[in-house]
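The structure under discussion appears below in the form of structure tokens.
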Amino acid sequence: MRTNQEVSVIRYLMGELSSTERADIEKRLFTEPGFLDLVRATEEQLIRDALAGDLPPDQLAKFQNHFLSFPDLRDKYEATRALRDT
């Protein structure tokens, strides 16, 4: 079961937050110890879930359209997929 914090990070990564909520998350990245680690771990879990086919269709669409629109996240996805396929 995911915590409220993890759900907020997922919504952030999927582009589901208002501008105010997004700003709050981005502020926390710089001010809250350990929060960046949570965001990175959540990114990695979303990538694994997408590759395993474990994302529901609505989340998969957001993953493909929003999450993967960021070059660094697309690179992580491609690297993880390449490792999985070897």
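Taken across the range 34-49, residues that are of a type in the set (Gly, Ala, Ser), out of contact with any strand residue (DSSP E or B) (no Cβ under 7 Å at 6 or more places or on another chain) and closer than 20 Å to Arg2 by Cα do occur, with at least one present. Pull up the range 30-86, narrow it to residues that are among the acidic types (Asp, Glu) and in contact (Cβ under 8 Å) with a residue 12 or more places away in the chain, then point me to the one that is most open to solvent (accessible area, probe 1.4 Å). My answer is Glu44. Against the numbered list (1) farther than 12 Å from Val9 by Cβ; (2) part of a helix (DSSP H, G or I), Thr86 comes up short only at (2).
Considering the range 7-29, the residues that are farther than 20 Å from Asp72 by Cβ and either at pLDDT below 95 or within 12 Å of the chain's Cα centre (by Cα) (or both) include one that is most open to solvent (accessible area, probe 1.4 Å), namely Val7.
The values are calculated or read from the model by the stated rules, or taken from the named source; none is laboratory data. Please read these numbers as outputs of a predicted model, since none were measured by experiment. Note that each Cβ is placed from the backbone with ideal geometry, even for glycine, and that neighbours are counted across all protein chains shown. Just so you know, the surface numbers come from the protein's heavy atoms only, side chains and all, with ligands and any DNA or RNA stripped out. Shrake-Rupley method; radii C 1.70, N 1.55, O 1.52, S 1.80 Å.
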